[in-house]
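Each reported figure results from applying straightforward, stated rules to the coordinates on display, with no laboratory input. Note that the structure is predicted; figures quoted are calculated from it, not measured. Note that we place each Cβ from the backbone using ideal geometry, even for glycine, and neighbour counts take in every protein chain shown.
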Amino acid sequence: MLKLLASRFLQGLLTLFVLVTLTFFLVRLMPGSPYTDEKAVPEHILKELKASTGLDKPWPVQYGLYLRNLVLRQDMGPLIKKDGVQVSEVIGDSFPVSMALGLASMGIALLVGIPAGVIAAVKRNSPTDFACLAFAMIGICLPSFVIGPLLAVGAGLKLHSINVAGWSSPTDWILPAITLGLINAAYLARLSRGGMLDVLSQDYIRTAKAKGVPGRKIITRHALKGGLIPAVAFIGPAFAAMISGSFVIETIFQIPGMGQHFVNAATDREFFLIQGLVLFYGFLIVAANLLADLAQIALNPRMR
Amino acid sequence: MLLRFAIFISCLSLISCQKESQVDRATKDGILLLANSSDPKSFDPQVVTGVLESNINRALFEGLIAFHPTEDLAAPGGVALEVVPDETFTVWTATLRPDAKWSDGHPVTAEDFAFTYERILSPGLGAKYASMLYFMEGAEDFNLGKTKDFSTVGMKVIDPLNFEMTLRGPTPFFRELLKHYTWYPVPKHKVLEYGTIAQIGNLWSKPENLVSNGPYRIKSFRRNAHIEVERNPYYWDAENVTLNGIRFLPISNVFTEARMFRDGQLHVTYGAAPEVVDLMKKVDPSAVRQEPYLGTVLYRFNTTRAPLDDVRVRRALSMALDREALCDNVFRGYLPAYGMTPPMGDYDPPHGTSFDPAAARKLLAEAGYPGGKGFPRLGLLIASRETAATLATAVQAMWREHLGVEVEIENKEWTAYIVATQSLEYDIVAGGWIGDYIDPLTFLEMWTPDNGNNNTGWDSKPFVAKLEESIQATDPAVRYELLFEAESILLEDSPITPIAWWGKNYLIHPSVKGWEPLLLDNHPFKNLKLVPQD
């Protein structure tokens, strides 16, 4: 167990190092730089600006400096298009917002998705099953940029104290959390239905039935544990994705989360911000996968 | 499950009983809720370059000359009582208000202005808009590092309240220039407290350190959420400031801001997409505003590439554009542009190419492409923002229909598009220009061969000669005539084809009073009123 953990940890570190290195060079291969501006910047000004962030140095030197600052000072560098702002401030400001929204969405996804999937599996081929499946298909097929505005117009504009967008009043999390939650609920419903169907056809379930164990008990005691393994494997990375924000949800609902930075940093060529975000997201994914592995081990004795 | 859902719905309906919207509340509190697109690059007026930053700076700072709430070309005194020229419009003397103060109570002095101009012109600061001050004698050489002696620049402090600015030539429109934020003062004592004069990233302009001289001072800032400003008690005209504060909201999505407006979360939106304008005209027409704005939508031709190096080809392409149809169908509130410069004040731009398909076909035939035969397939580069793609598709169809010419629309991501434009890696490229101040020069200067915004490869000696002549002209009427002639050369040679003069579309709540159409959209906030609606 410990050995497994240690090896996963080392793999994680290696992944992050490769990620940092690849990102560092890939962002510099894109056309333009953080100093590219619609109104041309005079050459002599550009020289001063580049020197102030070290972007005038050759790539290997920049790479060495970046790694040194990152490892020794935990310094991810500055933003270039925003004066006097550090990458760590941007992540520090926006991550708690995305985390809160992600947790709420995850709650909705779990509360809706898993029961729907389990009920569908138990009542296989019944109208309930078809309804759950239809719900899941709609959730998977309809993108958030359709569901989000529909909810905003349908609920936000009709109900006076639910705002269509914003992040200042206590009810502001409701619409974005539902949007983000429902999409993930749809995936979870399909996965848990599939997992449950697999388990329900196993011999040990038939044995339990033969021994006269009541239906409800078979589901909760015996089937659920194994049936949820595919869903749990999905939850790890999905959770990492949810708490790191979503560009679409954040722009539709005007939320100061982290997701928009992923897109804007790339179009703005904010080199240090892209690198910082990729590293941070990579860290979340690695950690979430590690936790998902642990959870699967706990659920499945054969994996121990 | 059902029960839980029922509880949730009843909670929703309970909260929905409260009726007062954010706008109603803010109106009572005298706070303007203003959509402002995005977070500013900085609060330092000397390092920013954008429209959204200028909105925030206009609340926080005040220049020598202020904006008038209704008149574009009026020049009321701001921090200066007056700015007076000599008879050649070359030497200007500014007299500051004795009661002008920074938001920490320090007086605003001539010394602050000398420091400010030295700062923005210091090459080390890397101020992208330093060239706005090149109108001052010696400013360009100082900014280019040719001299380190600031006394060579035409800025002379006479006493704490008076200073004299010597310009490179007669500049009758200098008061217009002075309204631009690059000329706003910065507090010498604060800048030096947090660093040196020409230090990039000097922390004086961090929100928690910021000291300003305008009607408002910064109250709170939350990244990507809001910027709130409150009354500056030290402002010289504090008693006439009507609004108690302004909340700038960085909403980047035009549809989100439209929904927020309808939900009572905004007084004024930053813009309005064509779809929003059409819808709102049906459901709430009084909220829609469509006003002329000092900008031009244009296409650039790469004059270094065949066949666009042939003026006949460029003119033919330009003449085949039905600008009226484009304005009616693609844009909302834009006007067909036949000149580079939108009409402003006494300047009426020359009329360039009109829509004339027959003449266009004839010109193209003369250039060796009768009916478009043998014409190479050119690329039309755009960045997919706003209406760019719709416009390109319409233009593509017009060229096909009227000239038999095929162009291929190339869609690039924003930064890649700018890089391609600036390195002349395109055939035809979509673009636009927003004026910095109300004078034709801001639309014409850019077409000189060494200007970084030319990006067409066009190099015309007669054009440059006319511009240079205009810089020396003392008589404003003669000056406009020379600029008119320069613009005529530009339109005749057609390295660009103007398409539409910008229109500003936005939504405004009826409680906002005193927000009148202005060409630069630079509304002085201190004169606005918020009147609660019944």
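Taking the range B:292-504, how much of its Cα-Cα pair set, in percent, is spaced more than 30 angstrom apart?
On the way: 3988 of 22578 pairs.
That tail contains 18 percent of the Cα-Cα pairs.
Return the percentage of antiparallel bridges among DSSP beta bridges fully within the range B:292-504, rounded to the nearest 5 %.
Of the beta bridges lying entirely in the range B:292-504, close to 65 percent run antiparallel.
Give, in nm to one decimal, the length gained when the segment between A:Phe25 and A:Val71 is fully stretched (0.36 nm per residue of separation minus the Cα-Cα distance). Provide the component values of the computation, followed by the final result.
Working: separation 46, 0.36 × 46 = 16.56 nm, distance 1.80 nm.
Taking A:Phe25 through A:Val71 to full extension adds about 14.8 nm, to one decimal.
Would you compute, from DSSP H runs of 4+ residues alone, the mean residue ellipticity of chain B at 222 nm, taking -39500 (n - 2.57) per run and dividing by the full residue count, rounded to the nearest 500?
-9000 deg cm²/dmol
Normalised by the residues of chain B, what does the relative contact order come to in percent, with Cα pairs under 8 Å and at least six apart?
It rounds to 20 percent for chain B.
When averaged across all projection directions, what area in nm² does the alpha-carbon convex hull of chain A cover?
Averaged projected area of chain A's Cα convex hull equals 20.4 nm².
Compute the acute angle (0 to 90°) between the alpha-carbon long axis of helix A:271-299 and the principal axis of greatest extent of the alpha-carbon atoms of chain A; round to the nearest 10°.
20 degrees
Compute the FRET efficiency between A:His44 and B:Thr196 as 1/(1 + (r/R0)^6), taking r as their Cβ-Cβ distance and R0 = 25 Å, and round to the nearest 0.05. All intermediate terms of the calculation are to be shown ahead of the outcome.
Details: r = 19 Å, r/R0 = 0.76.
The value I calculate is 0.85.
Would the range A:237-304 count as rounded, prolate or oblate if I go by the C-alpha gyration tensor, calling it rounded below 1.5 in a/c and otherwise prolate when a/b exceeds b/c, oblate otherwise? Could the numbers behind the result be given before it?
Values: a/c = 4.96, a/b = 2.13, b/c = 2.33.
It comes out oblate by the Cα gyration axes.
May I ask you to derive the FRET efficiency for A:Ser126 and A:Ala295 from their Cβ-Cβ distance with R0 = 35 Å, giving the value to the nearest 0.05?
Working: r = 30 Å, r/R0 = 0.87.
Using R0 = 35 Å, I get an efficiency of 0.70.
Would you compute the Debye intensity of chain B from its alpha-carbon atoms alone, equal scatterers and no solvent, and pass along log10 I(q)/I(0) at q = 0.09, 0.11, 0.13 Å⁻¹ to two decimals?
Debye output, listed in q order: -0.73, -1.05, -1.36.
What's the magnitude of the charge dipole for chain A around its Cα centre, counting Lys and Arg as +1 and Asp and Glu as -1 at the beta-carbon? Answer in Debye, nearest 20.
Charge dipole of chain A: 1700 debye, to the nearest 20.
How fast does the protein assembly as shown diffuse by Stokes-Einstein, in µm²/s, taking the Kirkwood radius from C-alpha pairs at 20 °C and 1.002 mPa s?
Values: Rh = 30.1 Å.
Translational D for this selection: 71 µm²/s.
Pop out the Kirkwood hydrodynamic radius of the range B:228-283 from its pairwise C-alpha distances, inverse of mean 1/r, in Å to one decimal.
13.4 Å
Volume per residue, Å³, of the convex hull around the alpha-carbon atoms of the range B:51-202?
Working: hull volume 17.4 nm³, N = 152.
In the range B:51-202, the Cα hull volume divided by residue count equals 115 Å³.
Which distance in Å, rounded to a whole number, links the C-alpha centroids of the range B:463-534 and the range A:238-276?
36 Å
Quick one: grab the alpha carbon gyration tensor of the range B:397-534, order the square roots of its eigenvalues as a ≥ b ≥ c, and give me rounded if a/c is under 1.5, else prolate or oblate depending on whether a/b is larger than b/c.
Cα axes put the range B:397-534 in the oblate bin.
Enter the Cα centre distance for the pair the range A:2-77 and the range B:391-457, rounded to the nearest angstrom.
33 Å
Tabulate in residue order the Karplus-calculated ³J(HN,Hα) for the range A:59-69, using 6.51 cos²θ - 1.76 cosθ + 1.60 with θ = phi - 60°, rounded to whole Hz; enter x for Gly and Pro.
3, x, 5, 4, 5, x, 4, 4, 4, 4, 4
Quick query: amide H of B:Gly452 versus all other amide H atoms, modeled in the peptide plane; which residues come in under 5 Å with a sequence gap of 5 or more or a different chain?
Under 5 Å from the amide H of B:Gly452 lies no amide H from a residue far enough along the sequence or on another chain.
With contacts defined as alpha carbon pairs under 8 Å and 6 or more residues apart, what's the relative contact order of chain A in percent? Walk me through the numbers on the way to the answer.
Values: 381 pairs, mean separation 76.5, N = 304.
Rounded, it is 25 percent for chain A.
Would you mind computing the Rg to Rh ratio of the range A:96-268 from its alpha-carbon coordinates, Kirkwood style for Rh?
Over the Cα atoms of the range A:96-268, Rg/Rh equals 1.08.
Counting other beta carbons within 10 Å of each residue's own, what order do A:Lys158, B:Lys188, B:Lys156 fall into, fewest first? Present the calculation step by step, with values, prior to reporting the outcome.
Numbers: A:Lys158 12, B:Lys188 21, B:Lys156 15.
The order, fewest Cβ neighbours first, is A:Lys158, B:Lys156, B:Lys188.
Could you tell me which helices of chain B pass both thresholds, a Cα extent of 15 Å or more along their own axis and a mean Kyte-Doolittle hydropathy of at least 0.5, with helices taken as whole DSSP H runs?
On the way: long enough: B:2-15 (20 Å, 2.32); B:110-121 (17 Å, 0.04); B:388-403 (22 Å, 0.36); B:461-472 (17 Å, -0.30); B:476-493 (26 Å, 0.26).
Long hydrophobic helices here: B:2-15.
Provide A:Glu270, B:Glu485, B:Glu425 in ascending order of the number of other Cβ atoms located within 10 Å of each residue's Cβ, fewest first.
B:Glu425, B:Glu485, A:Glu270
Excluding B:Tyr184 itself, what net charge comes from residues whose Cβ is under 12 Å from its Cβ, given Lys and Arg +1 and Asp and Glu -1?
-1
What is the local net charge at B:Ile120, summed over the other residues whose Cβ is closer than 11 Å to its Cβ (Lys, Arg +1; Asp, Glu -1)?
It works out to a net charge of 0.
Assign unit charges at the C-beta atoms only (+1 for Lys and Arg, -1 for Asp and Glu), then state the dipole size of the range A:96-268 relative to its Cα centre in Debye, rounded to the nearest 20.
My answer is approximately 1100 debye.
Which of B:Leu403, B:Pro495, B:Ala337 sits farthest toward the positive end of the charge dipole of the range B:292-504, with +1 on the Cβ of Lys and Arg and -1 on the Cβ of Asp and Glu?
Value computed over the given set: B:Leu403.
Tally Lys/Arg at +1 and Asp/Glu at -1 over every other residue whose Cβ is under 10 Å from the Cβ of A:Glu270; what's the total? Don't skip to the end; give the middle numbers.
Working: positive: A:Lys81, A:Lys82, A:Arg269; negative: A:Asp268.
Taking every Cβ under 10 Å from that of A:Glu270, the sum is +2.
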